[in-house]
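Structure first, commentary second.
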Amino acid sequence: MSDYGVSRETIERFEAYQAILTKWAPRINLVGASTLAAFWDRHILDSAQILPLARPDARTWVDFGSGAGFPGLVIAALVQVRDGAQVSLIEASTKRCGFLREAARAMQVQVEIINDKLEHVTPRPVDVITARAFTALDRLLAYGKKWQGPQTQALFPKGEEVSGELEQASTNWLFKSTIHPSVSDARGCIVEITDCQARTGSALS
């Protein structure tokens, strides 16, 4: 984490995160039990690597289907020192939102937690959209279009299926995409999407 300029204070926030995740995980479905032992690489580094890919002036973030808080809560911990930074986590599960509130409190991180289905949340333009293990890229772009502003970036961690997802999404959407290799998983990547618009004649247009 030192490569990301993370302060000792932020490391302590993540240690508090790890403690509460370990406590809650057996009670509700948050993360795979086997990933808890690899917390720093599998969850923190996997989430933190998104931040350097965002524009330096990015201030408003939304995380779709936040679940256990990856990557949204990690991003919130890293950007809260920036003036005007605001991170919104959208999660339909009431139990998972309860966990997110407890985790944010333990970490002393300011974050907006929205307990609702994504399609029911009133969208607004944001600088960056994230989502990890939420849904396929085609659907992510449909959801993200409503949150898109002139310079919005979408940064989605993806796995080995990324080529197929890009091909499928391109049948309904026109967009610019960049694949950034993952630093936490040799099989993974971060897909960066910009300038997204529905294709003419698409059912999604």
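Of all residues in segment 1-22, those being open to solvent by less than 90 Å² (accessible area, probe 1.4 Å), under 17 Å from GLY69 (Cβ atoms) and either without any contact (Cβ under 8 Å) to a residue 60 or more places away in the chain or not charged (D, E, K, R) (or both) number 13.
Of all residues in segment 94-115, those satisfying the criterion of being open to solvent by less than 40 Å² (accessible area, probe 1.4 Å) and either within 15 Å of the chain's Cα centre (by Cα) or not aliphatic (A, V, I, L, M) (or both) are CYS97, GLY98, PHE99, LEU100, VAL111, ILE113, ILE114. Residues in segment 71-84 that are modelled with pLDDT under 95 and in a loop (DSSP other than H, G, I, E, B) were compared, and the one that is surrounded by the fewest Cβ atoms within 10 Å (Cβ to Cβ) is ASP83.
Scanning segment 56-70 for residues that are within 10 Å of the chain's Cα centre (by Cα) and not in a loop (DSSP other than H, G, I, E, B) returns TRP61, VAL62, ASP63, PHE64. Could you tell me whether GLU91 is among the acidic types (Asp, Glu) and either open to solvent by less than 10 Å² (accessible area, probe 1.4 Å) or touching a Cys at 6+ places or on another chain (Cβ under 9 Å) (or both)? For GLU91, the condition - among the acidic types (Asp, Glu) and either open to solvent by less than 10 Å² (accessible area, probe 1.4 Å) or touching a Cys at 6+ places or on another chain (Cβ under 9 Å) (or both) - is met. Within segment 140-157, track down each residue that is open to solvent by less than 50 Å² (accessible area, probe 1.4 Å) and modelled with pLDDT of 95 or more. Within segment 140-157, LEU140, LEU141, ALA142, TYR143, GLY144, TRP147, THR152, GLN153, ALA154, LEU155, PHE156, PRO157 meet the criteria.
Number of residues in segment 165-205 that are closer than 18 Å to ALA131 by Cα, modelled with pLDDT of 95 or more and small (Gly, Ala, Ser): the value is 2. For segment 118-139, the candidate set comprises residues that are of a type in the set (Asp, Glu) and more than 22 Å from VAL79 (Cα to Cα); within that set, the residue that is surrounded by the most Cβ atoms within 10 Å (Cβ to Cβ) is ASP138. Taken as a whole, the structure leaves PHE156 outside the set of residues that are assigned to a loop (DSSP other than H, G, I, E, B), closer than 19 Å to ILE179 by Cβ and either in contact (Cβ under 8 Å) with a residue 60 or more places away in the chain or not basic (Lys, Arg) (or both). Just a yes or no: is a residue in segment 184-196 at positive phi, among the acidic types (Asp, Glu) and either in contact (Cβ under 8 Å) with a residue 24 or more places away in the chain or not in a loop (DSSP other than H, G, I, E, B) (or both)? Yes, the conditions are met somewhere in segment 184-196. Listed by first and then second residue, the pairs linking a residue in segment 120-149 that is without any contact (Cβ under 8 Å) to a residue 40 or more places away in the chain to a residue that is of a type in the set (A, V, I, L, M) and in a helix (DSSP H, G or I), with Cβ atoms under 6 Å apart and 6 or more places separating them unless they lie on different chains, are ASP138/ALA169. Of the residues making up segment 23-70, those that are over 18 Å from ARG132 (Cα atoms), at pLDDT 90 or above, open to solvent by 70 Å² or more (accessible area, probe 1.4 Å) and not basic (Lys, Arg) number 2.
For segment 138-161, residues that are under 15 Å from ARG199 (Cα atoms) and hydrophobic (A, V, I, L, M, F, W, C) total 2.
Within segment 179-196, is even one residue touching a Cys at 6+ places or on another chain (Cβ under 9 Å) and of a type in the set (A, V, I, L, M, F, W, C)? Within segment 179-196 (the criterion being touching a Cys at 6+ places or on another chain (Cβ under 9 Å) and of a type in the set (A, V, I, L, M, F, W, C)), the answer is yes, since at least one residue qualifies.
The values are calculated or read from the model by the stated rules, or taken from the named source; none is laboratory data. Owing to the predicted nature of the structure, the values given are computational and were not obtained by experimental measurement. Here Cβ is always computed from backbone atoms with ideal geometry, including for glycine, and neighbour counts include all displayed protein chains. Note: areas computed on protein heavy atoms with side chains; ligands, DNA, RNA excluded. Shrake-Rupley method; radii C 1.70, N 1.55, O 1.52, S 1.80 Å.
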